[in-house]
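K.L.:
Please find one structure pasted underneath; my questions will follow.
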Amino acid sequence: MLRSTPAVLAVTIFHVASAAKESCCDALTASRVAGQVTYPGHGAYNASLASYFDGKSRLPPSCIVQPRTAEDVSTIVQILVREDAQSGSCKFAVRSGGHTPIPGSNNIENGITIDLLYMNTTTYDADSQIASIKPAARWGSVYQTLEPLGRMVAGGRGSTVGVGGFLLGGGISHYAPRVGLSCDNVVNFQVVLANGSIVNANKTSNADLFTALKGASSNFGIVTRYDMETFESEDLWGGIVTYPASTANHHFRALANFGSNPDRDPNAALIVFQGYSTASPTDVVRAAFDYTKPVVRPDAYQEFFEVNTNISDTTKLQPMSAIAAEFGSDTTKRVQFRTLSYKIDLATLQETARLYKIVITELQAEASGQWRVSCLHQVWATSYTANSIARGGNVLGMERYTENFIMYQSYLSWSESKDDELFIGLGKMLTDGIQKFAREKDTAIDYLYLNYADKDQDPLSGYGAGKVAFMKAVAEKVGKPQKDDPLSVFDDTNNLSENKTEDMDFTVLNLEKPDA
Ligand SMILES: Cc1cc2nc3c(=O)[nH]c(=O)nc-3n(C[C@H](O)[C@H](O)[C@H](O)COP(=O)(O)OP(=O)(O)OC[C@H]3O[C@@H](n4cnc5c(N)ncnc54)[C@H](O)[C@@H]3O)c2cc1C
């Protein structure tokens, strides 16, 4: 997915257009996974495309293959590698929930999409208290399976979000202040590597791959099972409270105090966001409260509760599955995510509001159809680091930060394809403007959260040079079909340098030979 720069994306598209081979799909159709291959015009093919979260991402692959088991995935990888060696190029993409709104990240025009749709179950082992979750499960289904067993995992906040991409990018859950990032709650990944082998990556087996998979997305193989730590399932107090836009400054102050409080209650999670939607055209501020213990209106949010002029309030005690359903959204719209980070600073928060208003005014004048803009602010806590280290570490480079900061996300959605350029351009203007202000005021933080990054953003560089070198070494080790093979299946390590992280090809898995 990621997060290629426009230049890299262009190269990818060129390769695909020139080298996509019918023979790759033919080879799958002639194999034991024949019944799992679907072509344009088939019901399964159309259903797969229609289920992408972002309308822009419904690119037409030459064929889609929908494996049922890790062995099927292994067969598919081996066929595509072999066919590539014989006939040129079999580019392929991997999809779990299909929620990343970057065309080409989880799908591929004229290549092969490996859609893990049917690998979607969750099982629980009471002895180890580990939940084994298949990649295309949606978090809502995970919670519905675990809650009746009295167990819970630190997963996505929205029920519709996929497990596969979420965990490989880090994963921020309501439980993050308590148990850290979701990827650090994975104790074992089952992975299909470039040579078709099915391996486990955990603290004692393939330990470097285990670390690299926590944050570096799809660069090393196809994950076919995630084994996660569980904890006791309890009702949460949470929901979304909507306030008039005039309360923005109070909310920013409260967020700054909440985020910089060294004694913050680890059960208290929060997102503050400004939002405007044509469906309900009022400029508002929202607070999404999520307290992970069954306590109504906990003291942790006291400063937010001082505003008593809310427009609506959905907060209540409820199980995680119900909160996730409220946060879940299916969309048939076109979507852009962008992200950046900055120090906890009132002036920078206020600047986001100023730029957001400019964007809304511009869209009111120019855009057609239905659309929505949200600017979300959440605290990135240094406690994530300690949780990570205790569980084997990840590649996010979080240990460099000694103070909490704000992780910002803009989320634009719109209905009309003719407005793509308008929304994408204004979304970029918004984050560029915030970043310029933060740099001038010395509040900028160079960390970009991968799961919210756009295609021209480069989150891996933000992990730091040492982590980039480590990821490159792991990719070298596991990314080749055979030890001395020049072919790199899951990345483009030949082009990877410490300041060119975008050349790791995150989604359109690169089967090009380096000298091709
Ligand atoms: C409505 C919504 C709510 C969200 N809420 C949150 C949130 O609360 N917290 C948060 O941290 N993020 C959140 N996100 C972002 C989300 O984490 C990412 O979009 C994530 O990639 C979604 O996972 P997916 O399985 O749907 O990914 P997909 O779109 O299927 O894939 C994303 C990337 O991961 C790769 N990939 C997927 N599965 C595998 C696999 N099994 N093996 C190897 N590579 C794989 C794909 O090739 C692709 O590059 C949200 C997104 C949306 C749209």
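K.L.:
Among (1) surrounded by fewer than 18 Cβ atoms within 10 Å (Cβ to Cβ); (2) of a type in the set (Lys, Arg); (3) closer than 23 Å to Ala154 by Cα, there is one condition Arg253 misses while meeting the rest; what is its number?
P.N.:
Of (1) surrounded by fewer than 18 Cβ atoms within 10 Å (Cβ to Cβ); (2) of a type in the set (Lys, Arg); (3) closer than 23 Å to Ala154 by Cα, only one is false for Arg253: (3).
K.L.:
Just one of the numbered conditions (1) within 27 Å of Glu421 (Cα to Cα); (2) within 11 Å of the ligand (Cβ to nearest atom); (3) touching a helix residue (DSSP H, G or I) at 6+ places or on another chain (Cβ under 7 Å) is not true of Ser96; which one?
P.N.:
Unmet condition: (1).
K.L.:
Taking the options Ile108, Ile112, Ile133, Ile102, name whichever one is near the ligand (Cβ under 9 Å from one of its atoms), within 30 Å of Arg338 (Cβ to Cβ) and touching a helix residue (DSSP H, G or I) at 6+ places or on another chain (Cβ under 9 Å).
P.N.:
Values: Ile108 fails: near the ligand (Cβ under 9 Å from one of its atoms); Ile112 fails: near the ligand (Cβ under 9 Å from one of its atoms); Ile133 fails: near the ligand (Cβ under 9 Å from one of its atoms).
When all the criteria are applied, what remains is Ile102.
K.L.:
Which members of segment 34-48 meet the condition of being surrounded by fewer than 20 Cβ atoms within 10 Å (Cβ to Cβ) and in contact with a Pro (Cβ under 7 Å, 6 or more places away or on another chain)? Explain how you work it out, then say what you get.
P.N.:
Step one: of segment 34-48, the residues surrounded by fewer than 20 Cβ atoms within 10 Å (Cβ to Cβ) are 34-35, 39-44, 46-47.
Hit for segment 34-48 is Pro40, nothing else.
K.L.:
Consider Ala300 against the criteria (1) crowded, with 17+ Cβ neighbours inside 10 Å; (2) part of a strand (DSSP E or B); (3) away from the ligand (no atom under 16 Å from the Cβ): it satisfies all of them except one. Which criterion is unmet?
P.N.:
(2)
K.L.:
Could you say whether any residue in segment 77-90 is among the polar types (S, T, N, Q), modelled with pLDDT of 90 or more and surrounded by fewer than 20 Cβ atoms within 10 Å (Cβ to Cβ)?
P.N.:
Within segment 77-90 (the criterion being among the polar types (S, T, N, Q), modelled with pLDDT of 90 or more and surrounded by fewer than 20 Cβ atoms within 10 Å (Cβ to Cβ)), the answer is yes, since at least one residue qualifies.
K.L.:
Right, here's the next one. Can you tell me how many residues in segment 137-168 are out of contact with any Phe, Trp or Tyr (no Cβ under 7 Å at 6 or more places or on another chain), closer than 26 Å to Asn107 by Cβ and not hydroxyl-bearing (Ser, Thr, Tyr)?
P.N.:
Residues flagged as out of contact with any Phe, Trp or Tyr (no Cβ under 7 Å at 6 or more places or on another chain), closer than 26 Å to Asn107 by Cβ and not hydroxyl-bearing (Ser, Thr, Tyr) within segment 137-168 amount to 10.
K.L.:
If the Cβ limit is 7 Å and pairs must be 6+ apart or interchain, which residue in segment 206-220 that is touching a residue at least 12 places away in the same chain (Cβ under 8 Å) pairs with which residue that is acidic (Asp, Glu)?
P.N.:
Lys214/Asp184; Asn219/Asp491
K.L.:
Same structure, new question: Any residue at all in segment 75-91 that's more than 30 Å from Glu147 (Cβ to Cβ), within 15 Å of the ligand (Cβ to nearest atom), small (Gly, Ala, Ser) and not in a helix (DSSP H, G or I)? Break it down into steps so the answer makes sense when it comes.
P.N.:
So in segment 75-91, the residues more than 30 Å from Glu147 (Cβ to Cβ) come out as 75-91.
Narrowing the set further to residues that are within 15 Å of the ligand (Cβ to nearest atom) leaves 76-77, 80, 91.
Going one step further and asking which of them are small (Gly, Ala, Ser), we end up with none.
No; the residues of segment 75-91 include none that is more than 30 Å from Glu147 (Cβ to Cβ), within 15 Å of the ligand (Cβ to nearest atom), small (Gly, Ala, Ser) and not in a helix (DSSP H, G or I).
K.L.:
May I pose another question? Considering only residues of segment 320-341 that are over 15 Å from Ile240 (Cβ atoms) and surrounded by fewer than 18 Cβ atoms within 10 Å (Cβ to Cβ), which is farthest from the ligand (Cβ to nearest atom)?
P.N.:
The extreme case among them is Thr332.
K.L.:
Which condition number does Pro244 fail, the rest of (1) farther than 30 Å from Glu416 by Cα; (2) touching a residue at least 24 places away in the same chain (Cβ under 8 Å) being met?
P.N.:
Only one criterion is unmet by Pro244, namely (1).
K.L.:
Scanning segment 120-168 for residues that are in contact with an Asp or Glu (Cβ under 7 Å, 6 or more places away or on another chain) and of a type in the set (Ser, Thr, Tyr), which turns out surrounded by the most Cβ atoms within 10 Å (Cβ to Cβ)?
P.N.:
Looking at residues that are in contact with an Asp or Glu (Cβ under 7 Å, 6 or more places away or on another chain) and of a type in the set (Ser, Thr, Tyr), I get Thr160.
K.L.:
Against the condition at pLDDT 95 or above, within 30 Å of Val192 (Cα to Cα) and either assigned to a helix (DSSP H, G or I) or touching an Asp or Glu at 6+ places or on another chain (Cβ under 8 Å) (or both), how does Asn394 come out, does it pass? Can you show your working first?
P.N.:
Working: at pLDDT 95 or above: yes; within 30 Å of Val192 (Cα to Cα): yes; either assigned to a helix (DSSP H, G or I) or touching an Asp or Glu at 6+ places or on another chain (Cβ under 8 Å) (or both): yes.
It is true that Asn394 is at pLDDT 95 or above, within 30 Å of Val192 (Cα to Cα) and either assigned to a helix (DSSP H, G or I) or touching an Asp or Glu at 6+ places or on another chain (Cβ under 8 Å) (or both).
K.L.:
So, one more: For residues that are under 22 Å from the mean Cα position of the chain (by Cα) and charged (D, E, K, R), scanning just segment 403-444, find the one that is surrounded by the most Cβ atoms within 10 Å (Cβ to Cβ).
P.N.:
Here the residue is Lys428.
K.L.:
Among residues belonging to segment 241-293 that are over 24 Å from Ser415 (Cβ atoms) and of a type in the set (D, E, K, R), point out the one that is nearest to the chain's Cα centre (by Cα).
P.N.:
Going through the qualifying residues, I end up with Asp290.
K.L.:
Only residues that are over 21 Å from Ala475 (Cα atoms) and within 13 Å of the ligand (Cβ to nearest atom): list them for segment 171-216, please. Full working, then the answer.
P.N.:
First pass over segment 171-216, keeping only residues over 21 Å from Ala475 (Cα atoms): 171-182, 185.
Listed by number, the residues that qualify are Gly171, Ile172, Ser173, His174, Tyr175, Ala176, Gly180, Leu181, Ser182, Asn185.
K.L.:
Quick check on my filter: what residues within segment 184-217 are surrounded by fewer than 19 Cβ atoms within 10 Å (Cβ to Cβ), closer than 23 Å to Asp72 by Cα and touching a strand residue (DSSP E or B) at 6+ places or on another chain (Cβ under 7 Å)?
P.N.:
Ile198, Val199, Asn200, Asn202
K.L.:
I would also like to ask the following. Just the residues that are within 12 Å of the ligand (Cβ to nearest atom) and not in a strand (DSSP E or B), please, taken from segment 115-124. I'd like the intermediate steps shown before the answer.
P.N.:
Our first condition is that a residue be within 12 Å of the ligand (Cβ to nearest atom); within segment 115-124, this holds for 115-117, 119-120.
Listed by number, the residues that qualify are Leu116, Leu117, Met119, Asn120.
K.L.:
Does Gly55 satisfy the criteria of being within 30 Å of Ala269 (Cα to Cα) and under 21 Å from the mean Cα position of the chain (by Cα)? Walk me through how you get there before you give the answer.
P.N.:
Details: within 30 Å of Ala269 (Cα to Cα): no; under 21 Å from the mean Cα position of the chain (by Cα): yes.
So Gly55 fails the test.
The values are calculated or read from the model by the stated rules, or taken from the named source; none is laboratory data. These figures come from a predicted structure and were not determined experimentally. We place every Cβ from the backbone using ideal geometry, glycine too, and count neighbours over all the protein chains shown.
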